[in-house]
1. Within segment 29-53, work out how many residues are of a type in the set (A, V, I, L, M, F, W, C), over 16 Å from residue 124 (Cβ atoms) and touching a residue at least 40 places away in the same chain (Cβ under 8 Å).
2. Across segment 134-162, what is the number of residues that are surrounded by 10 or more Cβ atoms within 10 Å (Cβ to Cβ), part of a loop (DSSP other than H, G, I, E, B) and under 27 Å from the mean Cα position of the chain (by Cα)?
3. So is residue 50 out of contact with any helix residue (DSSP H, G or I) (no Cβ under 7 Å at 6 or more places or on another chain), small (Gly, Ala, Ser), outside any strand (DSSP E or B) and in the same structural domain as residue 6 (by TED's automatic domain parsing) or not?
4. For segment 5-27, enumerate the residues that are loosely packed, with under 15 Cβ neighbours inside 10 Å and either in a helix (DSSP H, G or I) or out of contact with any Gly (no Cβ under 7 Å at 6 or more places or on another chain) (or both).
5. If you scan segment 77-93, which residues turn out to be over 11 Å from residue 61 (Cα atoms), hydroxyl-bearing (Ser, Thr, Tyr) and either exposed (fewer than 15 other Cβ atoms within 10 Å of the Cβ) or touching a Gly at 6+ places or on another chain (Cβ under 7 Å) (or both)?
6. From the list 17, 26, pick out the single residue that is touching a residue at least 60 places away in the same chain (Cβ under 8 Å), under 18 Å from the mean Cα position of the chain (by Cα), closer than 20 Å to residue 128 by Cα and in the same structural domain as residue 118 (by TED's automatic domain parsing).
7. Of the residues in segment 54-65, how many are surrounded by 15 or more Cβ atoms within 10 Å (Cβ to Cβ) and without any contact (Cβ under 8 Å) to a residue 12 or more places away in the chain?
8. Kindly indicate which of 161, 138 is hydroxyl-bearing (Ser, Thr, Tyr) and without any contact (Cβ under 8 Å) to a residue 40 or more places away in the chain.
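The values are calculated or read from the model by the stated rules, or taken from the named source; none is laboratory data. All of these numbers come straight from a predicted model, not from anything done at the bench. Note that each Cβ is placed from the backbone with ideal geometry, even for glycine, and that neighbours are counted across all protein chains shown.
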Amino acid sequence: MEFRVSELEKEPVEYDLELAPGAVDLGAEAEQEGAMSAAGRAEVIHEHRGPKEIVADIRLRGRFKGVFQVPCARCLEPVSTPLAGDYDLIFRPVGVDGGSAERSISAQETEIGYYQGDSLLLEDVLREQVLLSLPVRTLCKPDCKGLCPRCGKNRNLDACTCDEGPSDPRWEALSGLRSQIKS
């Protein structure tokens, strides 16, 4: 869904959508499972920067909800992860804040995004919100054994028959420590 400044200046747009899997490209980080719902409101806010300069910001408020598949951090098996979130975002035209001199920005200005031309795509906003909502590390189960570093076999499914191989000589000074602790 595309929000055009010219249309939003006439009246705000309310949206309530069900997005099919694949409608929002999440890259390799996640995959959408089933429909994702998104609802909210888009409107233009005019920012006055002097007597003749007016900047048309797009304010997007809404919420999303869906189920996504995220790879396990140890074995790479897909893990079903339900996500939901609210957002209240401001977008400015690209280049409007550009200047030749460096300047400090306020904490509020770090929350501002930018749009190209005269429109903003809802799909781009949802991609960002979903990716920011993903857990930092996802495990398929708390005791996931992961992949064998030698053959790549999933240790949760099959026992790996790879030998341990030569140990790193830098650890030999610690090799007797375990027996000393037990005694």
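1. 1
2. Counting residues in segment 134-162 that are surrounded by 10 or more Cβ atoms within 10 Å (Cβ to Cβ), part of a loop (DSSP other than H, G, I, E, B) and under 27 Å from the mean Cα position of the chain (by Cα) gives 9.
3. Here the answer is yes, as residue 50 does meet what is asked.
4. Those that are loosely packed, with under 15 Cβ neighbours inside 10 Å and either in a helix (DSSP H, G or I) or out of contact with any Gly (no Cβ under 7 Å at 6 or more places or on another chain) (or both): 6, 9, 10, 11, 12, 14, 16, 18, 20, 22, 25, 27.
5. The answer is 80, and nothing else.
6. Every option except 26 fails the conditions.
7. The total comes to 0.
8. Going through 161, 138 in turn, just one is hydroxyl-bearing (Ser, Thr, Tyr) and without any contact (Cβ under 8 Å) to a residue 40 or more places away in the chain: 161.
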